[in-house]
Every structure is written in C-alpha cells, then in structure tokens.
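Each reported figure results from applying straightforward, stated rules to the coordinates on display, with no laboratory input. The structure displayed is predicted, hence computed values, not measured ones. Please note: Cβ atoms are built from the backbone with ideal geometry, for glycine as well, and neighbour counts cover all protein chains shown.
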Amino acid sequence: MFSGSIPALVTPFRDGVFDEAAFRKLVDWQIENGSSALVPCGTTGEASTLSNAEHHRVIEVCIEQAAGRVPVIAGCGSNDTMNALLHMQFSRKAGAKAGLCVAPYYNRPSQAGLIAHFSYLAEHSDLPIVLYNVPGRTVTDLLDETVVELVTKYPDRIVGIKDASGDLSRVADHRMGIGKHFCQLSGNDELWLPHSAAGGSGCISVTANVAPKLCSEFHAAIAANELEKARELNDRLFPLHYAMFSDASPAPVKYALSRVHDWLRPQVRLPLVECSDAAKKAVDEALEIAGLL
C-alpha cells in the first residue's frame, strides 16, 4: 500500500505556535523532491505536545496542501484508546489514507492490552491502520505474534507497520506469519537498506525532512536493485541519520532544516529545547557530507 521515502514531518513553530505557512512550504518541497507519502503528527512532529485542536489542524493542513499528490498517513497514536479513535475519526473525514498508530506509551499495556487497543480502533473506524512499534520510546513492544494476530483478525483494517524496534529479523517473521503483501516500513533510517533487503517497502524517515531528494533517490536505487548506487547514497546519508539523533529529537532535524531553509526555525516545544552546540556541529558536518550545504 505504501512504499518509498516517507518523511515523518516536523511541525514548524514560530513564537510558540504552529507556523502554517512554513508547513505548507515544507509539504510542497517534500512532494517536489520525490517523497512518496507524508506523515504529520508523528514523533518527529511533536504530537505529544500538541493540543487536539492543533493536532487536527496540522493533519488538515497537510492533506489540503498535498491535494492528492501523495497519500497522507496521519499520526493518530495516543496512550488513550478513545483519544486515538478521535484522531482516526477526524483524519478519516479530512481525507487521510491511513492512520499511524503507535503502541500506547507510559501505560505499559500487556500484549493482551495491545490486542484489545488495536482491535477497538479497527472495529470502530474504517481508516486503515499502520501499526507503529517503537519500544525505545513506549517501553511496550508489539511482539511478532501480536502483530500476526492483529493482522489476521483485521486484514482489511491493519495494513502495515512502521518498525523502529531495531530488530531486522522481524521483517522475515512478519512475512512468514502474514505474507509478502503486508506493508513493512522501517522506522530507523540507518537500517533502511538492510530492512529493504529483508523485504521492507520503504522508510518513515526523519532524515527525509531535510534530504528528501537524496532519500527518494536512495529508495529508487534499492527498488531498481542498483546496489552500488544505493550503497553510495547510503554512505552520503549515514552521518545525517546519526546526526538527527545527536540530541533529543526533533531538535537536530529542526536545526538542520533551519540551515537549509530560511523560512524554517529550529524552535521546539518544552520539555524539549533547541539542540546543543555539539549537536549543531554534528549536523553541519553531516549536511556537508551529504552535499546539502
């Protein structure tokens, strides 16, 4: 269903509020440079600091500005099942093609709780769900057997997964348990190449925010089985992948975008702060290696 370079978009702020004009420019720039879909209100979009009204406005603006040129996978996750459903219902009406639903964080539900959570969402909304497993942030881990059970129960509702577990064996586990048709997207930029080799169809990427053309070309090389070109592009992008997490994300990627575009500011919301001088140095060096400065 989804493939290629899919940026998990930042949410630009100006003087503490959503900078809609900058976000519209960012959406256009992403599409013009080959991004195959867009994800507003994910982790990189600082969804956890947005009010519901802001959350929905960011999704709405993204869909309006994309204007059908690429699909929008709206960030709908929450540690509150009813709030996640609220996001899904809004996103469905707004025109999103799917909802990215992170495993509930902080609550630490059991596997039975995860099945109950995602089952409730699948049964009460007809918006397709892309599961999001990022145990480094949520503590809770969507185990392979849980994913298989959910997709088996709701094959027309649960259509893919963004896997940021860092465990590449899961790609094969999902293929064996579900089938080759199941959409598997890497949630780790630095693992994009081996994830694709194992059967993944693309990446929901932080780096693609600032390097959409390179990331799009990288995926195209993988898809064409041009491994030498893919490795060359991977080498250019690799320092940037790590620089994006040289401080609390998304502060480094917002700084990187401010270096590339004068209409984007590095502002983040508390409890995050702008990235350190050391992180800025790492980002600047990585941008130079990638040829973006």
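Under the rule of -39500 (n - 2.57) per DSSP H run of 4 or more residues, summed and divided by the residues of the chain, what mean residue ellipticity at 222 nm is obtained, to the nearest 500 deg cm²/dmol?
Working: 12 runs with 139 residues, N = 293.
Rounded to the nearest 500, the figure is -14500 deg cm²/dmol.
Given the peptides 182-192, 151-161, arrange them by the average over their residues of other C-beta atoms within 10 Å, most packed first.
182-192, 151-161
If packing is taken as the average number of other Cβ atoms within 10 Å across a peptide's residues, how do 73-84, 36-47 rank, most packed first?
On the way: 73-84: 22.8, 36-47: 25.2.
Order by mean packing, descending: 36-47, 73-84.
In Å and on Cα atoms, what radius of gyration and Dmax does segment 127-239 show?
Every Cα atom of segment 127-239 included, Rg and Dmax give 14.2, 42 Å.
Sorting check: for 240-252, 279-291, which peptide has the highest mean count of neighbouring beta carbons within 10 Å, and how do the rest follow?
240-252, 279-291
Work out from phi, with θ = phi - 60° and the Karplus expression 6.51 cos²θ - 1.76 cosθ + 1.60, the ³J(HN,Hα) of each residue of segment 160-174, listed in order in whole Hz, and give x for Gly and Pro.
x, 9, 9, 9, 10, 6, x, 9, 5, 5, 5, 4, 5, 4, 5
When the Cα centres of segment 126-178 and segment 80-101 are compared, how far apart do they sit, in Å?
18 Å
Which one, TYR120, SER3, GLY34, projects farthest toward the positive side of the charge dipole computed for the chain from Cβ point charges (K/R +1, D/E -1)?
TYR120
About the Cα centre of the chain, how large is the charge dipole given +1 on each Lys and Arg Cβ and -1 on each Asp and Glu Cβ? Please answer in debye to the nearest 20.
Computed about the Cα centre, the dipole is about 420 debye.
Alpha carbon centre of segment 1-39 versus segment 203-234: separation in Å?
Here the two parts' Cα centres lie 18 Å apart.
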